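> Have a look at the structure that comes next, please.
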Amino acid sequence: MKRILVCEDEDVIRDFVVINLRRAGYDVVDVNCGEEALRVFNEENGDFDIALLDIMMPGIDGFQVCKELRKKSDTIGIIILSAKTQEMDKVSGLMLGADDYLTKPFSPTELTARIDAVYRRVSMSFAKEEKAPIIQSGSFVLNLKSRTVSKNGVNIDLTQVEYQILEYFMNNQNTALDRSSILHHIWGNQYFGDNKIVDVNIRRLRMKLEDNPSDPKYISTIWGFGYKWSGNGSQE
């Protein structure tokens, strides 16, 4: 069964989330603080598909929990939950490794749709790669079976979203991809969010792949359109 860890300090919201996720078929473990979220995650040996984390909590907040969970697992889906609508809160969560964000208030339909979308990406990423081909682009090698990426023989740690974006890029070498096509390919056609999530993940990828992220050679920006991948470092 699909397992999700819910960390929310407000009882009413946590009960609302838990009831609706259980109705949707999830096995839910809920806690009311960041300290408990990390304790349960460790006790369960990370046996969760998704973590839903409130940002504003006493003690360890959702940002710190997100950061710690991402250190422990590249594969768990992480969704940040917050009453805040400021752009920087969304960007901060995504930069720390979250896969998506959900702003309060939200409907049961949006909640389950967002979580289902993240779960599909996490599960499909392991189910589809049985033929185990290798994709090579310049100094980068992507192994679809082990889901690893290396640059000049050195492995690079990527989240599942980052990995899937890179795979999409490498399968479309030197092709300009607009933000909407990246969004729909990775997050699905029913995604409720906006293109900002693409830009933040591209920024994270550049930090991990580029020699100089402020002067990217592999992932170039096509202004007013999207991005283009070139494994040999050419922006032509």
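> When the residues of the range 44-54 are narrowed to those that are under 16 Å from the mean Cα position of the chain (by Cα) and part of a loop (DSSP other than H, G, I, E, B), which ends up nearest to residue 160 (Cα to Cα)?
The qualifying residue nearest to residue 160 (Cα to Cα) is 49.
> Consider the range 110-131. How many of its residues are loosely packed, with under 10 Cβ neighbours inside 10 Å and either of a type in the set (A, V, I, L, M, F, W, C) or modelled with pLDDT of 70 or more (or both)?
Result for the range 110-131: 1.
> Continuing with the same structure: Do we have residue 21 as more than 19 Å from the chain's Cα centre (by Cα), outside the structural domain of residue 159 (by TED's automatic domain parsing) and either buried (at least 17 other Cβ atoms within 10 Å of the Cβ) or under 17 Å from residue 119 (Cα atoms) (or both) here?
So residue 21 fits the description; yes.
> Identify the single condition in (1) of a type in the set (A, V, I, L, M); (2) over 17 Å from the mean Cα position of the chain (by Cα); (3) at pLDDT below 90 that residue 40 does not satisfy, given that it satisfies every other one.
(3)
> Now a separate question. Return a yes/no flag: does the range 73-84 have any residue that is over 19 Å from residue 31 (Cβ atoms), assigned by TED's automatic domain parsing to the domain that holds residue 26 and without any contact (Cβ under 8 Å) to a residue 40 or more places away in the chain.
yes
> To continue, here is another question. Looking at 98, 37, which one is in contact with a helix residue (DSSP H, G or I) (Cβ under 8 Å, 6 or more places away or on another chain), part of a helix (DSSP H, G or I) and crowded, with 21+ Cβ neighbours inside 10 Å?
Testing whether each residue is in contact with a helix residue (DSSP H, G or I) (Cβ under 8 Å, 6 or more places away or on another chain), part of a helix (DSSP H, G or I) and crowded, with 21+ Cβ neighbours inside 10 Å leaves just 37.
> Would you say residue 221 is outside the structural domain of residue 71 (by TED's automatic domain parsing) and farther than 28 Å from residue 80 by Cβ?
The answer is no for residue 221.
> Of all residues in the range 139-153, how many are surrounded by fewer than 17 Cβ atoms within 10 Å (Cβ to Cβ) and either at pLDDT 95 or above or within 16 Å of residue 74 (Cα to Cα) (or both)?
5
> Is it fair to say residue 188 is in contact (Cβ under 8 Å) with a residue 60 or more places away in the chain and under 22 Å from residue 99 (Cα atoms)?
It is true that residue 188 is in contact (Cβ under 8 Å) with a residue 60 or more places away in the chain and under 22 Å from residue 99 (Cα atoms).
> Within the range 162-171, is there a residue that is surrounded by fewer than 16 Cβ atoms within 10 Å (Cβ to Cβ) and not aromatic (Phe, Trp, Tyr)?
yes
> Quick check on residue 87: is it of a type in the set (D, E, K, R) and either over 25 Å from residue 197 (Cα atoms) or at pLDDT 90 or above (or both)?
Taking the combined requirement at face value, the residue does not satisfy it.
> Continuing with this model, one more query. Take residue 233 and tell me if it is loosely packed, with under 15 Cβ neighbours inside 10 Å, over 19 Å from the mean Cα position of the chain (by Cα) and touching a residue at least 60 places away in the same chain (Cβ under 8 Å).
So residue 233 passes the test.
> Restricting the first residue to the range 1-28 and requiring it to be closer than 16 Å to residue 45 by Cα, which pairs with a second residue that is of a type in the set (Gly, Ala, Ser) and assigned to a strand (DSSP E or B) meet a Cβ separation below 6 Å and a spacing of at least six or different chains?
Every condition considered, the pairs that remain are 5/51.
The values are calculated or read from the model by the stated rules, or taken from the named source; none is laboratory data. These numbers were taken from a predicted model, which means no experiment stands behind them. We place every Cβ from the backbone using ideal geometry, glycine too, and count neighbours over all the protein chains shown.
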